[in-house]
Amino acid sequence: MNSCFAKVRILCLLAGLMVPVGGVTHAQPAAAADDQGELATRALVREIQFMLRRSGFDPGPLDGVPRQLTNAAVRRFEDIQGLPVVELRLGARVPSELLARLRTEAGRAMFGTAGGAAAAPRGISPPAGEGSPANPPPPDRFSACPYDPKDFHIGANRFTPDSFLKEGFEGSTARAVASLKQRLEEGRQIADKIGLSALKEVQRQARVLQYFECRLKVEQASAKKG
C-alpha cells in the first residue's frame with residue numbers, strides 16, 4: 001500500500017504539486033494520524049485538488065487555491081465518506097481523517113486497488129444554456145491561437161479558455177503563462193520516471209501553455225495599438 005501512495009505523490013508533483021518526498025508517512029491509518037491534521041498550504045491544497053480529481057470529483061484548476069469549486073468537491077467527498085463537513089482554507093488545519101480518506105481513494109482510483117476503477121466524475125456542470133444556439137459565444141479575438149477544447153476538460157467541468165483563465169488565474173494571461181511554464185518544467189523533469197500517462201499530461205500542459213503564450217502576444221499587441 002505504501003508503494004501505491006508513493007506513486008500518488010509522484011503523480012501529484014507532475015500536476016504541479018510541490019509535495020515533500022518524505023511525506024509517504026501521511027498514508028497511515030486515520031487512527032494513527034495527527035488529530036490536529038496538517039496546515040493547508042498551497043502545496044497541500046494542490047495535492048488535495050489532484051486527489052479529488054483522481055477520485056472522480058471536480059475541484060476546478062489545480063492551483064493550490066481553495067475556491068468555490070474546490071470546496072464544493074470537498075463537501076461532496078466528505079458527505080459520501082460520512083466525514084464532518086470542514087471548509088478548506090489556506091492556513092487552516094485539514095483533518096487527518098480527510099487526508100487519509102482522500103489518499104486511499106486516489107490510490108484505489110489510480111491503481112485499481114480494492115476499490116477498482118475511478119467512479120464517474122461528480123463535479124459541477126457548466127451553467128445551463130452556455131454555448132447554446134440561443135446564447136452564442138461572443139466573437140473570439142484570439143481566433144489566431146488554436147487549441148484543443150479537450151485540453152480544458154477537467155473532471156465533469158468543460159472549461160473554455162476564458163473560464164479556465166478566470167477560475168485558475170484570476171483572468172490574467174501573464175500569470176497563467178508564468179505558472180504553466182513552471183508546472184511544465186516540473187512535469188518534464190520526472191516524466192521519464194512514470195511513463196506514458198505522465199508523457200500525455202506533459203503534452204497536454206505544453207499545448208495549453210502554447211495557447212496562452214499566443215494569447216498573451218495578442219493582448220500585448222492590442223495594448224501597443226491602444
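The values are calculated or read from the model by the stated rules, or taken from the named source; none is laboratory data. Everything numeric here is computed off the predicted structure, so don't read it as measured data. Quick reminder, even Gly has a Cβ in these numbers, built from the backbone with ideal geometry, and neighbours come from all protein chains shown.
Which of the residues belonging to the range 193-211 are at pLDDT 60 or above and of a type outside the set (S, T, N, Q)?
Hits for the range 193-211 are 198, 199, 200, 201, 202, 204, 206, 207, 208, 209, 211.
Determine, yes or no, whether residue 223 is at pLDDT below 90, assigned to a helix (DSSP H, G or I) and not hydroxyl-bearing (Ser, Thr, Tyr).
yes
Against the condition at pLDDT 85 or above, touching a helix residue (DSSP H, G or I) at 6+ places or on another chain (Cβ under 6 Å), closer than 30 Å to residue 167 by Cβ and surrounded by fewer than 22 Cβ atoms within 10 Å (Cβ to Cβ), how does residue 37 come out, does it pass?
yes
Working only within the range 158-175, note down all residues that are assigned to a helix (DSSP H, G or I), surrounded by 15 or more Cβ atoms within 10 Å (Cβ to Cβ) and of a type in the set (A, V, I, L, M, F, W, C).
164, 165, 169
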